[in-house]
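Peer 1: Pasting a structure below so you can have a look.
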Amino acid sequence: MSNRVIIFDTTLRDGEQSPGFSMNIEEKIIMAKQLAKLNVDVIEAGFPIASEGDFEAVKEIARNVKGPTIAGLSRVIIKDIDRAWEALKFAKRNRIHTFVATSDIHLKYQLKKGREEVLDDAVRGVKHAKKYTNDVEFSAMDAVRSDIDYLCLVLEAVIDSGATTVNIPDTVGYAIPYEFGKMIKTIKENVSNIDKAIISVHCHNDLGLAVSNSISAVQNGARQVECTINGIGERAGNASMEEVVMAVKVRRDFLPYITRVKTKEIYKTSRLLCTITGISVQPNKAIVGENAFAHESGIHQDGVLKERTTYEIMTPESIGLTKSRLVLGKHSGRHAFSKRLEDLGIKLNKIELDKAFVRFKKLADIKKEIFDEDLEVIVEDEIAKAEEVYKLEYIQTTTGNQTLPTATIKLKKGKQIIQDAGIGDGPVDATYKAIERITGIPGKLISYSIRAVTGGKDAIGEVVVKVSFNGELVTGKGASTDVIEASAKAYLNAVNKVAGKTKVKRVKELKSPRV
Ligand code: KIV
Ligand code: ZN
């Protein structure tokens, strides 16, 4: 049996469906391209029947993202499978991932069907999917709480019908590692045709055991792990991709398996997801948390300075984390600037580079030390601005504990300059009211977060907002050394996405049930 573990990334399906993590099509494509750079084997791009937005996203990813296999989810229902294929057919390598629940609890209360009927549905679904593609994955939802004999019967039947991967989900995050490993072993020993399919696992993290369960499954014969970046996903999330991959890499002595993941892309991918969704990982998150490589206690610092391996089991560089370095200052020229961007793997066209350089010079006037993180923010901000309908020309706010917070804003729309003022509960609220008066686009601020991109009092502040425009949730980002200006830019970025509607198609909320 091969020792290679297939990494199936479901950030854009199971991850994206959890509250607060929804992404628009453009954001999904950016994320999918980064997942391709990370070299995951399979990208589950969405659930095409669920909504028009999901369908479009899967189709665009299938069209535009090269490298990994692109998978789309479907129930074992014929029209679901047809819809999945409509979106997936554009990919060079595609997979239909079809599922039905197999536990008695789901059969009785949700499906209201008997075991025989569900078995027939599963077989029919797989056979139908097989007409479209050779690569068909079948998932037995809630496998962990299913009767093991019935589960084995279903797996045998779907493999006979052409399933090339059989997935064993711990849908409710109930399993314990030893128990789950044993279950995989039982499947391997009792499903007569199991050698014709790859065993996959899909673990949820309700008890915090998703990664441990996945590893235990691999030790017992599973060769595909379904996981997400930063462990996002339904409820407490899915197994975290970076933890599974790094556990296998770091403990090669005990876990003699390999993945194809380019681990140096891990940090960047994790950060990209945070930037897109506006949701950060907790500082103590394994592998990608802010503190994952920070040594605070004196004894630890002393040890690491003498010999890194005293307290570090992997290097920050192995996940692509380079130390924040002073790279450029206000005397740095265009050549040094573009060279540094190149070293960071950022490619810009001439117009973007010109804009980013002007922005860099302005920043260098305010901020003495420009770090790599600052450069990344400048570039992101400048590129996001390319689609601007409304451009921030001027902002002035007045605030204090004895005065009514007021904001005066000037926006440019084409050649027109529009100015207005707003009052609010604070300077940010006043700013948003003024923007709303000018643009006439009413929005409801759902969430607001701010972080300092680098250390120091002169750090760039990056603001991420989620704004609801008529029920449509849009994320906006903005950065500046002035936090009110960053707040205005973030809000305006969200407004521009709605105003420039033809360019950005929103992913509508799902009408069908999520899984
Ligand atoms: O958790 C689950 O069971 C799922 C399946 C659709 C694979 O997400
Ligand atoms: Zn799931």
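The values are calculated or read from the model by the stated rules, or taken from the named source; none is laboratory data. Owing to the predicted nature of the structure, the values given are computational and were not obtained by experimental measurement. Using ideal geometry, Cβ is built from the backbone for each residue, glycine included, and neighbour counts are taken over all protein chains shown. Only protein heavy atoms, including side chains, enter the accessible area calculation; ligands, DNA and RNA are left aside. Shrake-Rupley method; radii C 1.70, N 1.55, O 1.52, S 1.80 Å.
Peer 1: Residues in region 213-247 near a label at GLU290, defined as backbone nitrogen under 19 Å from the 7 Å Cα→Cβ point?
Peer 2: Within reach of a label on GLU290, which here means backbone N under 19 Å from a point 7 Å along Cα→Cβ, region 213-247 contributes 230-231.
Peer 1: For the chain, what is the mean residue ellipticity at 222 nm derived from helices alone (per DSSP H run of n ≥ 4: -39500 (n - 2.57); sum divided by total residues; nearest 500 deg cm²/dmol)?
Peer 2: Estimated from H runs of four or more residues: -12000 deg cm²/dmol.
Peer 1: For GLU116 and ARG4, compute 0.36 nm times the residue count separating them, minus their Cα-Cα distance, and round to one decimal in nm.
Peer 2: That pair, GLU116 and ARG4, stretches by 36.8 nm at full extension.
Peer 1: Determine, from the Cβ-Cβ distance of GLN301 and TYR394 and an R0 of 60 Å, the FRET efficiency 1/(1 + (r/R0)^6), rounded to the nearest 0.05.
Peer 2: Working from the Cβ atoms, E equals 0.80.
Peer 1: Follow-up question, since we're still on this one. Can you tally the net charge around ILE229? Count Lys and Arg as +1, Asp and Glu as -1, for every other residue whose Cβ sits under 9 Å from the Cβ of ILE229.
Peer 2: Overall, the nearby charge balance is -2.
Peer 1: Between their Cα atoms, which of LYS33/LYS196; LYS412/LYS497; LYS330/LYS355 are more than 21 Å away from each other?
Peer 2: Beyond 21 Å between Cα atoms: LYS33/LYS196.
Peer 1: Can I ask one more? Which order do the peptides 197-207, 139-149 take when ranked by the mean count of other beta-carbon atoms within 10 Å per residue, highest first?
Peer 2: In descending order of packing, they fall as 197-207, 139-149.
Peer 1: Then there's this: I'd like the carbon and sulfur percentage of the solvent accessible area for the chain, probe radius 1.4 Å, heavy atoms only, ligands and nucleic acids excluded.
Peer 2: 53
Peer 1: Which order, highest average first, do 224-230, 187-193, 126-132, 492-498 follow once you tally other Cβ atoms within 10 Å for each residue and take the mean per peptide?
Peer 2: 224-230, 492-498, 126-132, 187-193
Peer 1: What order, most packed first, do the peptides 180-186, 52-58 have when packing is the mean number of other Cβ atoms within 10 Å of each residue?
Peer 2: Ranked from most to least packed, the peptides come out as 52-58, 180-186.
Peer 1: Here is a further query. To the nearest 0.05, what FRET efficiency results for THR322 and ILE77 with a Förster distance of 51 Å applied to their C-beta separation?
Peer 2: 0.60
Peer 1: Which percentage, to the nearest 5, of the DSSP beta bridges contained in the chain is antiparallel?
Peer 2: 50
Peer 1: Let me ask you something else. At a Förster distance of 41 Å, what's the computed FRET efficiency of ILE258 paired with LYS413, Cβ-Cβ distance as r, to 0.05?
Peer 2: 0.15
Peer 1: Nearest 10 degrees, 0 to 90: what angle lies between the long axis of helix 241-250 and the longest principal axis of the chain (Cα atoms)?
Peer 2: Roughly 70 degrees, rounded to the nearest 10.
Peer 1: Could you give the radius of gyration (one decimal) and Dmax (whole number) of the Cα atoms in region 6-277, in Å?
Peer 2: Rg and Dmax of region 6-277, Cα atoms, are 17.1, 48 Å.
Peer 1: Also, I was wondering about something else. THR403: accessible area at probe 1.4 Å, nearest 10 Å²?
Peer 2: Here the residue's solvent-accessible area equals roughly 60 Å².
Peer 1: I would also like to ask the following. Are any of the pairs LYS350/LYS457; LYS362/LYS477; LYS367/LYS391; LYS347/LYS477; LYS285/LYS362 more than 25 Å apart by Cα-Cα distance, and if so, which?
Peer 2: From LYS350/LYS457; LYS362/LYS477; LYS367/LYS391; LYS347/LYS477; LYS285/LYS362, over 25 Å: LYS350/LYS457; LYS285/LYS362.
Peer 1: Give the lysines reachable from LYS306 as a straight Cα distance under 22 Å; neighbours fewer than 8 places away on the same chain don't count.
Peer 2: Of all the lysines, those that pass the test against LYS306 - Cα under 22 Å, at least 8 places apart if same chain - are LYS323.
Peer 1: Could you tell me the convex hull volume per residue, in Å³, taken over the Cα atoms of the chain?
Peer 2: Looking at the chain, the number lands at 168 Å³ per residue.
Peer 1: Return an integer: the convex hull volume of the alpha-carbon atoms of region 187-276, in Å³ per residue.
Peer 2: Residue-normalised Cα hull volume stands at 114 Å³.
Peer 1: On to the next question. Starting from 0 in steps of 5 Å, tell me what percent of the Cα-Cα pairs of region 294-382 lands in each bin.
Peer 2: Reading upward from the zero bin: 3, 12, 21, 18, 11, 10, 10, 9, 4, 1, 0.
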